[in-house]
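The values are calculated or read from the model by the stated rules, or taken from the named source; none is laboratory data. On a predicted model such as this, the values are computed, not experimentally measured, just so you know. Reconstructed Cβ throughout: ideal geometry from the backbone, glycine too, with neighbour counts over all protein chains shown. We work out accessible area using only protein heavy atoms, side chains counted, and drop any ligands, DNA or RNA first. Shrake-Rupley method; radii C 1.70, N 1.55, O 1.52, S 1.80 Å.
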Amino acid sequence: IGLDIGTHAVKAVQMSRSGDDLVIEDIGYALVDRNRVANDPVSAQADALREALEGMPHNQCLVVGALPGQTVVIRYPRLKKSAAADMDAAIEAEARHNIPYDLAEVFLDWSLLDEETEGEETNLKVLLVAAKHEVIDTRMRIAQGADVTYGVLSVDSLALADAAEGAQLLSATGTTALINIGASSVSIHFTKNGSSNFIRDINWGARELIQTIAKARRCD
């Protein structure tokens, strides 16, 4: 079961695997109470999550969620090629220069994207993600409020690329732009040759877009 918890609505999709394909078994959708979200967003989103999952056997499924992209830090450092045993130490040292938080305040994760050779030197291109503990805790409290346990917790913009890859939409030899417009934020994810290359998340979404159109057209 994949979950998308937004400021406007919560979406859920239940899938199973059939051979090499994913089959959609059920979908759920629930609006977040706008009158409650300003004062108690965790409770409001938890109630919407519970409603979206109604009828789904979520306690028997792998539940996959994601953190909002604008709440995490994503970087693409280049590191000199080193032994696998030294990678964690190299990543942590790089994170101290790239992450604008004390590392004690964040959860770090990374993935090797590519090896780039220039002359006799080989560098490793790494995807580095840092999320503050309080952001993860908030996501966990929303899930716990709906009696849900995450098996995987990713990031919205990375989940967008996972979905595109699963649908065979990524170009293996070119650039693909993935854009997800939510109610209050937008995720933009460029992939190059099938691999993550650039991510930008902005606090601007459909709500501001609709307000701008309404103002320009002088309508409600």
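For the range 1-108, take N as its residue count and report Rg(C-alpha) divided by 2.2 N^0.38 Å.
Details: Rg = 19.1 Å, N = 108, 2.2 N^0.38 = 13.0 Å.
Normalised by 2.2 N^0.38 Å, the Cα Rg of the range 1-108 equals 1.47.
At Glu120 and Thr175, where each label point lies 7 Å from the Cα along Cα→Cβ, what is the point-to-point distance in nanometres?
Result: 3.4 nm between the two label points.
Starting from 0.36 nm per residue, how many nanometres of slack lie between His97 and Arg141 once their C-alpha separation is accounted for? Please list the in-between numbers first.
Working: separation 44, 0.36 × 44 = 15.84 nm, distance 3.07 nm.
Between His97 and Arg141, full extension yields an extra 12.8 nm.
Viscosity 0.890 mPa s, temperature 25 °C: Stokes-Einstein D of the range 101-155 from its Kirkwood Cα radius, in µm² per second? Numbers along the way, then the final one.
Values: Rh = 13.8 Å.
The Stokes-Einstein estimate is 178 µm²/s.
What share of Cα pairs, in percent, lie more than 21 angstrom apart in the chain?
Tail fraction, whole percent: 63.
Take every Cα pair under 8 Å in the range 1-113 that's 6+ residues apart, average their separations, divide by the length, and report that relative contact order as a whole percent. If you can, show how the numbers build up before the last one.
On the way: 115 pairs, mean separation 24.0, N = 113.
So the answer I get is 21 percent.
Considering the options Gln168, Phe198, Ile213, tell which one lies farthest towards the positive end of the dipole of the range 167-220, charges being +1 on Lys and Arg and -1 on Asp and Glu at the Cβ, about the Cα centre.
Ile213
Order the peptides 147-153, 179-185 from the highest to the lowest mean number of other Cβ atoms within 10 Å of their residues.
Highest to lowest by the protection proxy: 179-185, 147-153.
Taking Cα atoms, how many degrees apart are the long axis of helix 156-166 and the longest axis of the chain, rounded to 10 and kept between 0 and 90?
80
If I ignore ligands, DNA and RNA and count only protein heavy atoms, how much of Arg50 is accessible to a 1.4 Å probe, in Å² to the nearest 10?
Probe radius 1.4 Å; accessible area of Arg50 about 110 Å².
I need to check one value: relative contact order of the chain, counting alpha carbon pairs closer than 8 Å and at least 6 residues apart, in percent.
Values: 375 pairs, mean separation 38.7, N = 220.
Computed value for the chain: 18 percent relative contact order.
Working with all protein chains in place, sort Met15, Met56 by solvent-accessible area computed with a 1.4 Å probe, largest first. All intermediate terms of the calculation are to be shown ahead of the outcome.
Details: Met15 90, Met56 15 Å².
So the residues, ranked largest to smallest area, are Met15, Met56.
Antiparallel versus total DSSP beta bridges in the range 47-198: what percent is that, nearest 5? Could you put the intermediate results ahead of the total?
Numbers: 29 of 33 bridges.
That works out to approximately 90 percent antiparallel.
To the nearest 10 degrees, how steep is helix 84-98 against the longest Cα principal axis of the chain, on a 0 to 90 scale?
60
Give me the 1.4 Å probe accessible area per residue for the range 147-201, excluding ligands and nucleic acids, in Å². Could you put the intermediate results ahead of the total?
Numbers: 2930 Å² over 55 residues.
With the other protein chains kept in place, the range 147-201 gives 53 Å² per residue.
From the alpha carbon gyration tensor of the range 100-220, can you work out the equivalent ellipsoid semi-axes (sqrt of 5 times each eigenvalue) and give them in Å, largest to smallest?
Details: eigenvalues 180, 113, 46 Å².
Here the semi-axes work out to 30, 24, 15 Å.
Which of the lysines could be linked to Lys192 by a straight reach, that is with a Cα gap under 19 Å, when you skip same-chain ones fewer than 8 residues away?
Those lysines meeting the cut-off are Lys125.
Which residue, Ser187, Ser157, Ser111, has the most motion in a Gaussian network model of the chain that connects Cα atoms within less than 10 Å?
Checking each option, the largest mean-square fluctuation is seen for Ser111.
If you build a Gaussian network model of the chain, linking Cα atoms that sit under 10 Å apart, which residue out of Gly174, Gly119, Gly194 swings the most?
Judging by the Gaussian network model, the answer is Gly119.
Working with all protein chains in place, sort Tyr76, Tyr29, Tyr101 by solvent-accessible area computed with a 1.4 Å probe, largest first. Walk me through the intermediate numbers first.
Values: Tyr76 45, Tyr29 130, Tyr101 80 Å².
The most accessible residue leads, giving Tyr29, Tyr101, Tyr76.
Bin all alpha-carbon pair distances of the range 15-71 at 10 Å intervals from 0 and give each bin's fraction as a whole percent.
The percentages, shortest bin first, are 19, 41, 29, 9, 1.
Pop out the carbon and sulfur fraction of the accessible area of the range 75-218 as a percent, whole number, probe 1.4 Å. Show your work: numbers first, answer last.
On the way: 4400 of 8950 Å².
So the carbon and sulfur contribution to the accessible surface is 49 percent.
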